[in-house]
Amino acid sequence: MAIESVNPATGERLASYAPMAPDELRAAVAACAAAQRAAARADFAERARPLRAAARVLREEAEALARLAALEMGKPLAQGRAEVEKCAATCDFYAEHAASFLAREAVATEASKSFVCFEPLGVVLAVMPWNFPYWQVFRFAAPALMAGNGALLKHASNVTGCALAIEDVWRRAGLPAGLFRTLVVGSDGVAGLIELPAVAAVTLTGSTPAGRAVAAKAGAMLKKSVLELGGSDPYLILEDADLARAVETCVASRLVNGGQSCIAAKRFVIHDSHRAAAERLFAEAMRARRVGDPLADGVDVGPMARRDLRDEVHEQVERSIAKGARLLAGGVRPAGPGAFYPPTVLSDVRPGMPAYDDEIFGPVAALLFVPDEEEAIRVANDSPFGLGAAVFTRDLARGEEIAARRLDAGSCFVNAFVRSDPRLPFGGVKASGYGRELAAFGIREFVNVKTVYVA
């Protein structure tokens, strides 16, 4: 069956791709493994050259790449340009810092010499989602390649054009042939790829069910895995917060990528004293965002990536309302061919509602009101997920303590919205996955931490 990409703003079919045959997939994996064995012998300066070149190519092609993402998954152009720049900056970051992150560490023992070194594992398979079609890939590929690994990409089918464009960026950057390959294959081919002896490890960003499936297969094959899964990030607005600034930051986070982000704010846990003002400010701010063609200037929110995903979000909103949530803004599924959905605000959200219990992967803000700090923390942690969280307060010491000690999440921010940064580790706990990407922690995920002892 052909793999198709469809413009979510119009429903128009953009392209059709023939899946790679089994022999073609095996040949691509074998070529990557051969290229990796050669690349593993290169020093860090040699590995860094194509990364710096890739950063230049990304910046040169930013407009074309942003347009492709807008067409394939609906991201507004300004957000697409910013995503491409972030990829370029991450290539530069690892080109600069990989040598120090993977430097040998001497250990004092009775031996004449003993140390720990960090050697590549081999070929790493990446199973990536459509929501950040460039960033998700480069935040894996840049450290993996600098560590001396090979990289295979199984991207989401609806962004196959973006996936092939990424491979072209690496080709133009002078990366050794075969060292990075895009595999055009459906999700039903992932298990077979993990089984191939040449694949040493796998990383996935995606849904919790997809993570469970990949983890089970990788575990059965005794292969290392890193998972970055869903999130239902809580943002706490305490009684002493600057409410207007907090709401503006919260809305910006909720509408990142049209709400289709694992680390977007999703549940807003607000002190009761702010109820009336918070409901008004959230509704006003969400209604003020411009929804429309992602290729048009000034658009804040494009279409969702697919109509079925839009319909699933609407169904979650309707079920939450049926269970007692109050609709303050949005919540109406538009007519027409696209996958558009308006920024939506639900209040009085409680356990038992999809807006409380589940991840809503779209532009829907869930407001929950609590009497005090202890209840705010309890509600924030009352989730199977643990990817990101934020707290808003004028007392920075209080906010720091809550972020560092009280919230069950991999990234906790104070008076700011959660975002990934190549300088900081990124990942989750609980049903949000395991392992870390980015910073020194990320580049050390797919290496052999090797002890060397010289008597």
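The values are calculated or read from the model by the stated rules, or taken from the named source; none is laboratory data. Please read all numbers here as calculations on a predicted model, not as lab measurements. Here the Cβ is made from the backbone with ideal geometry for all residues, glycine too, and neighbour counts use every protein chain on show. Note: areas computed on protein heavy atoms with side chains; ligands, DNA, RNA excluded. Shrake-Rupley method; radii C 1.70, N 1.55, O 1.52, S 1.80 Å.
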Arg267 meets each of (1) part of a helix (DSSP H, G or I); (2) touching a Ser or Thr at 6+ places or on another chain (Cβ under 9 Å) with one exception, condition (1)
Report, by residue number, each residue of region 193-206 that is touching a residue at least 60 places away in the same chain (Cβ under 8 Å) and either closer than 30 Å to Val247 by Cβ or open to solvent by 10 Å² or more (accessible area, probe 1.4 Å) (or both). Leu196, Ala198, Ala200, Thr205, Gly206
Members of region 168-189 that are under 21 Å from the mean Cα position of the chain (by Cα) and open to solvent by 50 Å² or more (accessible area, probe 1.4 Å): Arg181, Ser187
Tally the residues that are surrounded by fewer than 24 Cβ atoms within 10 Å (Cβ to Cβ) and either in contact with a Phe, Trp or Tyr (Cβ under 8 Å, 6 or more places away or on another chain) or within 29 Å of Glu445 (Cβ to Cβ) (or both), restricting the search to region 264-273. 2
The residue that is least open to solvent (accessible area, probe 1.4 Å), considering only those in region 102-116 that are part of a loop (DSSP other than H, G, I, E, B), aliphatic (A, V, I, L, M) and more than 18 Å from Arg41 (Cα to Cα), is Ala111
Mind checking whether some residue in region 208-218 is open to solvent by 20 Å² or more (accessible area, probe 1.4 Å), at pLDDT 95 or above and part of a loop (DSSP other than H, G, I, E, B)? no
Among the residues of region 275-299, count how many are at pLDDT 95 or above and open to solvent by 60 Å² or more (accessible area, probe 1.4 Å). 8
Listed by first then second residue, the pairs whose first member lies in region 142-154 and is at positive phi, whose partner is open to solvent by 10 Å² or more (accessible area, probe 1.4 Å) and part of a strand (DSSP E or B), with beta carbons under 6 Å and at least 6 positions apart or on separate chains, are Gly148/Pro120
Condition (residue is closer than 17 Å to Tyr235 by Cβ, among the small types (Gly, Ala, Ser) and without any contact (Cβ under 8 Å) to a residue 60 or more places away in the chain) applied to region 414-422: is it met by at least one residue? no
Confirm whether Val185 is outside any helix (DSSP H, G or I), in contact (Cβ under 8 Å) with a residue 40 or more places away in the chain and not charged (D, E, K, R). yes
I need a count of the residues in region 76-86 that are within 22 Å of Ala141 (Cα to Cα) and open to solvent by less than 50 Å² (accessible area, probe 1.4 Å). 3
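Residue-by-condition table, conditions (1) of a type in the set (Phe, Trp, Tyr); (2) part of a helix (DSSP H, G or I); (3) in contact with a Cys (Cβ under 8 Å, 6 or more places away or on another chain):
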| residue | (1), (2), (3) |
| --- | --- |
| Ile377 | no, yes, no |
| Ala380 | no, yes, no |
| Phe385 | yes, no, no |
| Ala397 | no, yes, no |
| Arg419 | no, no, no |
Of all residues in region 123-170, how many are under 25 Å from Leu77 (Cβ atoms), of a type outside the set (Asp, Glu) and part of a helix (DSSP H, G or I)? 20
Assess whether Glu119 counts as being open to solvent by 60 Å² or more (accessible area, probe 1.4 Å), within 30 Å of Thr10 (Cβ to Cβ) and either within 20 Å of the chain's Cα centre (by Cα) or not β-branched (Val, Ile, Thr) (or both). no
Picking from Ser432, Ser420, Ser411, which residue would you name as being of a type in the set (Ser, Thr, Tyr), touching a Leu at 6+ places or on another chain (Cβ under 6 Å) and surrounded by 21 or more Cβ atoms within 10 Å (Cβ to Cβ)? Ser432
Being of a type in the set (A, V, I, L, M, F, W, C), at pLDDT 95 or above and outside any helix (DSSP H, G or I) is the filter here, so list the residues in region 1-55 that pass it. Ile3, Val6, Ala9, Leu14, Ala15, Ala18, Met20, Ala21, Ala40, Ala42
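For Ala99, indicate whether it is in a helix (DSSP H, G or I), more than 20 Å from the chain's Cα centre (by Cα), in contact (Cβ under 8 Å) with a residue 60 or more places away in the chain and within 24 Å of Val447 (Cα to Cα).
Criteria not met by Ala99.
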Inside region 350-393, the number of residues satisfying the requirement of being open to solvent by 40 Å² or more (accessible area, probe 1.4 Å), out of contact with any Ser or Thr (no Cβ under 6 Å at 6 or more places or on another chain) and within 25 Å of Met304 (Cα to Cα) is 4
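Any idea how many residues of region 394-403 are open to solvent by less than 10 Å² (accessible area, probe 1.4 Å) and among the hydrophobic types (A, V, I, L, M, F, W, C)?
Final tally of qualifying residues: 1.
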Close pairs from region 286-308: first more than 22 Å from Phe268 (Cα to Cα), partner among the hydroxyl-bearing types (Ser, Thr, Tyr) and open to solvent by 60 Å² or more (accessible area, probe 1.4 Å), Cβ under 9 Å, at least 6 apart: Asp293/Thr10; Pro303/Thr10
Any residue that is of a type in the set (Lys, Arg), without any contact (Cβ under 8 Å) to a residue 60 or more places away in the chain and either under 20 Å from Arg406 (Cβ atoms) or buried (at least 18 other Cβ atoms within 10 Å of the Cβ) (or both) - is there at least one of those in region 253-261? no
